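Novice: Quick one: the structure is below, questions incoming.
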Number of protein chains: 2
Amino acid sequence: MNRADCLERDRDDPLRAVRDRFRIPENLIYLDGNSLGPMPAAAPELLARAVEGEWGEGLIGSWNKAGWIDLPARLGAKVARLIGAAPDQVIVADSTSVDLFKLLAGALSLRPRRRTILTEGRNFPTDLYIAEGLARLVPGVVVRTVEDPLAALDADTAILTLTHVDYRSGRRHDMAAATEAAHRAGALVLWDLSHSTGAMDLELDRLDVDLAVGCGYKFLNGGPGAPAYVYVARRHHAAIAQPIAGWMGHARPFDFDPQYRPAPGIARQLSGTPPILSMRGLEAGLATFDGVDPAALRAKSEALVALFLALTERRLAGHGFEPVTPRDPNARGSQASFRHREAYAVMQALIARKVVGDFRPPDIVRFGLPPLYLRFVDVWDAVERWGEVMAGREWDRPEFKIKQPVT
Amino acid sequence: MNRADCLERDRDDPLRAVRDRFRIPENLIYLDGNSLGPMPAAAPELLARAVEGEWGEGLIGSWNKAGWIDLPARLGAKVARLIGAAPDQVIVADSTSVDLFKLLAGALSLRPRRRTILTEGRNFPTDLYIAEGLARLVPGVVVRTVEDPLAALDADTAILTLTHVDYRSGRRHDMAAATEAAHRAGALVLWDLSHSTGAMDLELDRLDVDLAVGCGYKFLNGGPGAPAYVYVARRHHAAIAQPIAGWMGHARPFDFDPQYRPAPGIARQLSGTPPILSMRGLEAGLATFDGVDPAALRAKSEALVALFLALTERRLAGHGFEPVTPRDPNARGSQASFRHREAYAVMQALIARKVVGDFRPPDIVRFGLPPLYLRFVDVWDAVERWGEVMAGREWDRPEFKIKQPVT
């Protein structure tokens, strides 16, 4: 395997043309699309139209004429295709944190005689915080945070909540097995798909998943802080309670009815007025998936990660990196992470060389490998630069050891 | 009083030059800035830079380099000046609905032995829905919705929650009196300032207000669905619980600590990642207030509403409009509303004549009169066109009676 082989794989890549849907800075190898996806080439014009045309010219009339009012459901339907869900089960609203809160509370309403939220200690921190915040608010609700959640399912478990792909290690849960185990115990399941959607095919409907949330600004390329999405299986639509019962989730919001009557279907998951400019960013991000088969994303993702792991094994041998991403392609997401004593400084040195990944405390360098637009040659070049950084001890400069507030 | 007098008042208006900070469509009299403020002239460039520069070029590094991470607090401080609050007591986050939910739950945490949320039936519908949604979620919490909330304060009232200016009638509560009454009863007070902020001076700190929320896209001109803001008086910062305990409200969000430790101060009111593009829209909106004295807003607002009421009384006599906005300038906001049998059709006919106000069910025409950029001559011209609409029975066309989903 050499650089020419990588270029050949790029030529044969069925997703080859999709890269042109993005504007990625020259000479930058951006391996952080799992933290903030790059800008779609269509985003500037779409946003300019939203600002100058829809807001500036159309003003209040744009709620109808520019279709602002339909954006949450319309973008939800586009997400639905990527997660294997019928379109009327997904809606875009708020942030992942707020959506998690709503769905955990909703799950408790669907299992009123059970009071335990079950999760695992390595879940994404905000998922843990949100569950515990809900438990502090609602007397009787308990959060059990365990090592092996499937073994801990019991008759009090209302909801098992897990993040599908771990943000640090890239380890992926077996969604079918965990969902089935939860159902066997009479519990519901809530998946956080923030590190999965847009990087692989998913089958929420086929696996009988109950609830899910996911981030709009990672693999979905929706722009900084893009709104998140909510999935609720149709069988739960009529019964699920929505605790943040704002006017946009009312059956007839513009009647200004003093009585709350929840909208039928997924729309009751809406709360306040959606942030339209950020919704337009997400629209541009979702459009980069038009015509893309999610199964092709998975295939390319597997190949990219396999290549990355193989090349680093060869090129970085002896430099003290311990891969933490599983070897089994069915047990990982679209990233490669490594433990290293000097993880922070190494990532700073890589960024100085225009290879942008992430540091995750305490000691992990993480590289996102989004199949939608990343090239095999990018993987080659990234590992080459990384090899040079290590060979030249470039990470060993004082300025690379001063921690920034955000990386 | 004639048109020339209005032009003269515009020449003498100390806020005269501020209108140039907006791009308002030619020949349109926009009296709906209390529903969606018009576009600041600086917004297109600010958004283009956020999209192409910060997102497209800066990518993940923009959280630090472009100051995305500071936007919630920085914009909060700009709102603070407009509401008479020290800057560290306000932060921009989520939507008004979500923020109401957080603060009502927070109020209950500050008054743990009291379980009643007290409000009035004519409160804005979403405020009622949110309170009731919280009560459905938390056993023991009661929402009392009464005609005269000050008379209903009792030893179980944890929080009195009112909207300062009524969205329909424009009636304004006496904030000092209601706040004092709540405190006398040992309760806290939460003001929804959505129809006040940016239209008048407010004195939250001086009046010892506990909690407040407000909308970003009405008088603040932040763009469609712009994020809302939260005010928490400093004396409550240490003790208030935040139920939607997301990672952005953590003391050290980028440590990815599995334990939630709330940020000190107002920052714990944050939940998920803020929608940056919509935050930039709000930034443009708030910049239109730079150097503007809120007391000057109040003075001009009073004059605009007085003029509107005087002119309509003369020009529309006999057409069946019943003013519902109080005559007393201390008892109203910056709008004028009227009851009419054909309110819906009249507003449609006015919109066709490029006078844009709002219909509010069941029978109200509502005109927002934002002092920041509205001219006295606009008021004159609006009432003139309205007079013509009525004289010519222009509202009596079938197409004006078909209700649109949103107005």
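The values are calculated or read from the model by the stated rules, or taken from the named source; none is laboratory data. Note that the structure is predicted; figures quoted are calculated from it, not measured. Cβ: placed from backbone, ideal geometry, glycine included. Neighbour counts: every protein chain shown. Surface areas here come from the heavy atoms of the whole protein model, side chains and all, with no ligands, DNA or RNA. Shrake-Rupley method; radii C 1.70, N 1.55, O 1.52, S 1.80 Å.
Novice: Amide H to amide H, which residues 5 or more places from residue A:332 or on other chains are under 5 Å from it, using H placed in the peptide plane?
Specialist: Distant-sequence amide H within range of residue A:332: A:172.
Novice: Measuring from a point 7 Å out along Cα→Cβ, what nm distances, shortest first, does residue A:109 have to its partners in the other copies?
Specialist: Going from nearest to farthest copy, the values are 2.2 nm.
Novice: I'd like the per residue volume of the convex hull spanned by the Cα atoms of chain A, given in cubic angstrom.
Specialist: Dividing the Cα hull volume of chain A by its residue count gives 145 Å³.
Novice: Oh, and also: Rounded to whole Å, give me the distance from the Cα center of the range B:287-321 to that of the range A:204-259.
Specialist: 40
Novice: Give me the net charge of residue B:10's neighbourhood, meaning all other residues with Cβ under 12 Å from the Cβ of residue B:10; Lys, Arg count +1, Asp, Glu -1.
Specialist: Here the count lands on +1.
Novice: Near the amide H of residue B:192, under 5 Å away, which other amide H atoms are found, from residues 5 or more places off or on another chain, if H is placed in the peptide plane?
Specialist: Here B:162, B:163, B:164, B:213 satisfy the definition.
Novice: Determine ³J(HN,Hα), in whole Hz, for all residues of the range B:246-255 in sequence, where each value follows from phi through the Karplus function 6.51 cos²θ - 1.76 cosθ + 1.60 and θ = phi - 60°; x replaces Gly and Pro.
Specialist: x, 5, 6, x, 6, 4, 9, x, 8, 7
Novice: Please compute the average number of Cβ atoms from other chains found within 10 Å of each residue's Cβ in peptide A:115-127.
Specialist: Counting Cβ atoms of other protein chains within 10 Å of each residue's Cβ and averaging gives 2.
Novice: Residue farthest toward the positive end of the dipole of the protein assembly as shown, with Cβ of Lys/Arg at +1 and Asp/Glu at -1: which of A:121, A:48, B:326?
Specialist: A:121
Novice: Return the carbon/sulfur percentage of the accessible area of the range A:1-156, one whole number, probe 1.4 Å, all protein chains in place.
Specialist: Values: 3100 of 6130 Å².
Answer for the range A:1-156 is 51 percent, counting heavy atoms of protein chains only.
Novice: Report for the protein assembly as shown the percent antiparallel among DSSP-assigned beta bridges with both residues inside it, nearest 5.
Specialist: Looking only at bridges with both residues in the protein assembly as shown, the antiparallel portion is about 55 percent.
Novice: Most fluctuating residue of B:52, B:388, B:120 in a GNM of chain B with Cα springs under 10 Å: which is it?
Specialist: B:52
Novice: Using protein heavy atoms only (no ligands, DNA or RNA), what is the total accessible area buried between A and B, 1.4 Å probe, nearest 100 Å²?
Specialist: 6600
Novice: Explain nothing, just the number: dipole magnitude of the protein assembly as shown about its Cα centre with +1 on each Lys and Arg Cβ and -1 on each Asp and Glu Cβ, in debye rounded to the nearest 20.
Specialist: Roughly 680 debye for the protein assembly as shown.
Novice: Once you have a ≥ b ≥ c as the square roots of the Cα gyration tensor eigenvalues for the range A:156-294, tell me rounded if a/c is under 1.5, and otherwise prolate or oblate according to whether a/b is larger than b/c.
Specialist: Details: a/c = 2.18, a/b = 1.15, b/c = 1.89.
Oblate.
Novice: Follow-up. Can you give me the % of accessible surface on the range A:194-234 that is carbon or sulfur? Probe 1.4 Å, all protein chains present, nothing else counted. Before the final figure, lay out the partial values.
Specialist: On the way: 280 of 730 Å².
Roughly 38 percent of what the probe reaches on the range A:194-234 is carbon or sulfur.
Novice: A follow-up question, please. Are there any trypsin sites (Lys or Arg not before Pro) in the range A:273-331 that are in a DSSP loop and have at most 12 other Cβ atoms within 10 Å? List them by number.
Specialist: A:327
Novice: Taking 30 Å² as the minimum loss, tell me which residues in the range B:90-108 lose that much accessible area going from the chain by itself to the full protein complex (1.4 Å probe).
Specialist: With the partner chains in place, the range B:90-108 has these residues losing at least 30 Å²: B:95, B:97, B:98, B:101.
Novice: Mind jotting down the distance between the C-alpha centroids of the range B:342-407 and the range A:151-168, whole Å?
Specialist: After rounding, the separation between the Cα centres reads 54 Å.
Novice: Starting from a label point 7 Å past Cα on the Cβ side, list the distances from residue B:314 to the same position in the other copies, nm, shortest first.
Specialist: 8.8
Novice: In addition: Cut-off under 26 Å on the C-alpha distance; same-chain residues fewer than 8 positions from residue A:354 excluded. Which lysines are left, in chain and number order?
Specialist: Counting by Cα, and skipping residues close in sequence, residue A:354 has these lysines nearby: A:218, A:300, A:401, A:403, B:65.
Novice: Another question, if that's okay. If you take the beta carbon distance between residue B:352 and residue A:70 as r and set R0 to 30 Å, what does 1/(1 + (r/R0)^6) give as a FRET efficiency, to the nearest 0.05?
Specialist: Values: r = 24 Å, r/R0 = 0.80.
According to the calculation, E is roughly 0.80.
Novice: In percent, what relative contact order does the range B:8-95 have, based on Cα pairs under 8 Å that are 6 or more apart in sequence? Intermediate results must be reported in sequence, preceding the final value.
Specialist: Working: 54 pairs, mean separation 13.7, N = 88.
Relative contact order, the range B:8-95: 16 percent.
Novice: If you don't mind, another one. Evaluate the Debye formula for the range A:259-321 with equal point scatterers sitting on the alpha carbons, no solvent, and hand back log10 of I(q)/I(0) at q = 0.19 Å⁻¹, in q order, two decimals.
Specialist: -0.89
Novice: State the Cα centre-to-centre distance between the range B:89-109 and the range A:11-25 in whole Å.
Specialist: 43
Novice: At 1.4 Å probe size, put B:157, B:145 in order of accessible surface, largest to smallest.
Specialist: B:145, B:157
Novice: Across the range A:42-52, in residue order, what do the Karplus-derived ³J(HN,Hα) couplings come to in whole Hz, using 6.51 cos²θ - 1.76 cosθ + 1.60 with θ = phi - 60° and x for Gly and Pro?
Specialist: In residue order, the calculated couplings are 7, 5, x, 5, 4, 6, 4, 5, 5, 7, 6 Hz.
Novice: With unit charges on the beta carbons (Lys and Arg positive, Asp and Glu negative) and the dipole taken about the Cα centre of the protein assembly as shown, which residue among B:258, B:362, A:282 sits farthest to the positive side?
Specialist: About the Cα centre, the residue reaching furthest to the positive side is B:258.
Novice: Give the accessible area for residue A:78 in Å² (nearest 10); use a 1.4 Å probe, count only protein heavy atoms, and leave out ligands, DNA and RNA.
Specialist: 70
Novice: Using helices alone, what [θ] at 222 nm do you get for chain B, with -39,500 (n - 2.57) per DSSP H run of 4 or more residues, divided over all residues and rounded to the nearest 500?
Specialist: Result for chain B: -10000 deg cm²/dmol, rounded to the nearest 500.
Novice: Ignore the peptide's own chain and count Cβ atoms of other chains within 10 Å of each Cβ in B:44-51; give me the average, rounded.
Specialist: Per residue, the number of nearby Cβ atoms from other chains is 5 on average.
Novice: Counting only heavy atoms of the protein chains, get the accessible area per residue of the range A:85-173 (1.4 Å probe) and round it to a whole Å² value. If you can, show how the numbers build up before the last one.
Specialist: On the way: 2670 Å² over 89 residues.
Value returned for the range A:85-173: 30 Å² of accessible area per residue.
Novice: For the range B:1-158, what does the relative contact order come out to in percent, with C-alpha contacts under 8 Å and a separation of six or more?
Specialist: 14
Novice: Turning to a different aspect of this structure: Under the definition of partner shielding as Cβ atoms of other protein chains within 10 Å of a residue Cβ, what is the mean value for peptide A:278-288?
Specialist: 3
Novice: Right, something else. Relative contact order for chain A using alpha-carbon pairs under 8 Å, separation at least 6, rounded to a whole percent?
Specialist: Relative contact order comes out at 21 percent.
Novice: Suppose you put the label 7 Å out from Cα in the Cβ direction; list, shortest first and in nm with one decimal, how far residue A:147 is from each other copy's label.
Specialist: Going from nearest to farthest copy, the values are 6.5 nm.
Novice: Accessible area, 1.4 Å probe, largest first: how do A:360, A:21, B:206 sort?
Specialist: These residues rank, largest area first, as B:206, A:21, A:360.
Novice: Using all C-alpha to C-alpha distances in the range A:70-184, build P(r) with 5 Å bins and read off the rounded percent in each one.
Specialist: 2, 11, 18, 21, 22, 16, 8, 2, 0
Novice: Probe 1.4 Å, all protein chains in place: accessible area of residue B:364 in Å², nearest 10?
Specialist: Around 10 Å² of this residue is reachable by solvent.
Novice: Considering the Cα positions of the range B:299-407, please state its Rg to one decimal place and its Dmax as a whole number of Å.
Specialist: Expressed in Å, the Cα Rg and Dmax of the range B:299-407 come to 13.2, 41.
Novice: Let me ask something additional. Could you give the accessible area per residue of the range B:274-314, probe 1.4 Å, as a whole number in Å²?
Specialist: 27
Novice: Would you mind classifying the range B:17-96 by shape? Square roots of the alpha carbon gyration tensor eigenvalues, ordered a ≥ b ≥ c; an a/c under 1.5 is rounded, otherwise it is prolate if a/b is larger than b/c and oblate if not.
Specialist: oblate
Novice: So, with a 1.4 angstrom probe, what is the percent of accessible area on the range B:251-407 that is carbon and sulfur?
Specialist: 52
Novice: If I take the Cα coordinates of the protein assembly as shown and project them onto the principal axes, what are the three extents in Å, biggest first?
Specialist: 88, 54, 53 Å, listed from the longest principal axis down.
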